[in-house]
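Each remark here refers to the structure printed beneath this line.
The values are calculated or read from the model by the stated rules, or taken from the named source; none is laboratory data. This one's a predicted model, so the numbers in the text were calculated from it and none came from an experiment. Methodologically, a virtual Cβ is constructed for each residue, glycine included, from the backbone with ideal geometry; neighbour enumeration extends over all protein chains shown.
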């Protein structure tokens, strides 16, 4: 099917990613339409767009998740395409279908791509077929036969992890260290899956004790051509939510990364994949294990942009326009090193959200420093959405230079009127293990339990 060209894009998201997409569209000469909830009326990007339409009240269920309203807004504004950003409806195959049925272009993968990779069991099966290494465990859902599940856990070897097939964002997962806890874990995870994702399918895998979280960014044009754009390390996490990301991943042999990247490209070509995607792996003792694929633009995409020099969002839009990829794998290289800190409006010790009015907003600058944010002095952070208000990204010729620039930028950054996690970031990037590189996915939570970082720290922003 030949997708229609478009000259106007409706941005079906909010916050810094709405502004990021708006900038990419304008740089390409495309007109922009932003939708906003009543809570986001004063957001900076609303005034910058060519058109702005209020989509509904503050609750996301009545605004950013209202599929009918979004499609009607696109049709009413004359937009030819919808960019879903990340979160909200970005990985909703039904929404992608509705967009296409309305004669519009969905700036993202095909509905089949989203469905195939959104179900973790289906994704694992496809990756095994494509030769991508996966975490030990079957590629099918567990039935309700407890004895079979018990036998499987013994075969895999404790500890195991029970996961929701349609899960994501750290939800629908339970670790089981011994048989005594298996029965409860199965029933609780199944019920959580049903409530959170509308399907009770669950599966079992080996639980890796000290892995790192490594990502491979891919870009494919749906015409049989795909690329991998390097690696990222997103290991520092709290409750499966990323806090600090870097590119490229350190202390991994380049030839191993290249092999994994090539397998990801082969998987994309096998799937007929279209658009951006991220293959997520756990790496332990030098071995890579596929865990999931995100079929959308990632929060951490700027670190890849900084080291490759490629505007990933622009490339995503060009693919949606039907253009074949102009880049070849030989054009892709990673220069220097980049870090990203997610700056959240939250108490740095309790992690409780901290909505309210920002009274002071001072951002750092200098070589290699980038800020992605929609906030400003006087902006009211609403309580209805994710707490991220900014991303601080830095680049340097080496990892050491980039890390020093990051520490200096965090010191210079000042946000007042609300609490933020800036004090936590300032302390964490100076931790010896973080400086050395290669921490595992449990390191941040262990570090937080020590609580010593709060001593002598300024608890404001």
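Which residues, taken from the stretch 345-375, are farther than 18 Å from residue 393 by Cβ and touching a helix residue (DSSP H, G or I) at 6+ places or on another chain (Cβ under 7 Å)? Let's see the steps before the verdict.
We begin by selecting, within the stretch 345-375, every residue farther than 18 Å from residue 393 by Cβ; these are 345-360.
Of everything in the stretch 345-375, those that are farther than 18 Å from residue 393 by Cβ and touching a helix residue (DSSP H, G or I) at 6+ places or on another chain (Cβ under 7 Å) turn out to be 348, 349.
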Return the total of residues in the stretch 306-332 being out of contact with any strand residue (DSSP E or B) (no Cβ under 8 Å at 6 or more places or on another chain) and either more than 22 Å from residue 99 (Cβ to Cβ) or outside the structural domain of residue 219 (by TED's automatic domain parsing) (or both). 5
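So which strands (runs of 3 or more DSSP E) stay within the stretch 159-210 end to end and still have 2 or more residues that are without any contact (Cβ under 8 Å) to a residue 12 or more places away in the chain and either over 25 Å from the mean Cα position of the chain (by Cα) or within 21 Å of residue 442 (Cα to Cα) (or both)? Can you show your working first?
Details: elements: 160-164, 173-176, 202-206.
By residue number, no strands (runs of 3 or more DSSP E) qualify.
Take residues that are buried (at least 23 other Cβ atoms within 10 Å of the Cβ) and either free of Cβ contacts under 8 Å to residues at least 60 places away in the same chain or more than 24 Å from the chain's Cα centre (by Cα) (or both) and tell me which of the strands (runs of 3 or more DSSP E) falling wholly in the stretch 1-117 contain 3 or more.
Those strands (runs of 3 or more DSSP E) span 31-37.
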Run residue 126 past the list (1) assigned by TED's automatic domain parsing to the domain that holds residue 49; (2) in contact (Cβ under 8 Å) with a residue 24 or more places away in the chain and report the number of the one that doesn't hold. (1)
When you scan the stretch 175-198, how many residues do you find that are surrounded by 14 or more Cβ atoms within 10 Å (Cβ to Cβ) and over 16 Å from residue 146 (Cα atoms)? 5
Can residue 261 be described as touching a strand residue (DSSP E or B) at 6+ places or on another chain (Cβ under 8 Å) and closer than 30 Å to residue 351 by Cα? no
Top-ranked residue of the stretch 280-315 - restricted to ones that are part of a helix (DSSP H, G or I) and in contact with a helix residue (DSSP H, G or I) (Cβ under 8 Å, 6 or more places away or on another chain), ranked as farthest from residue 204 (Cα to Cα): 314
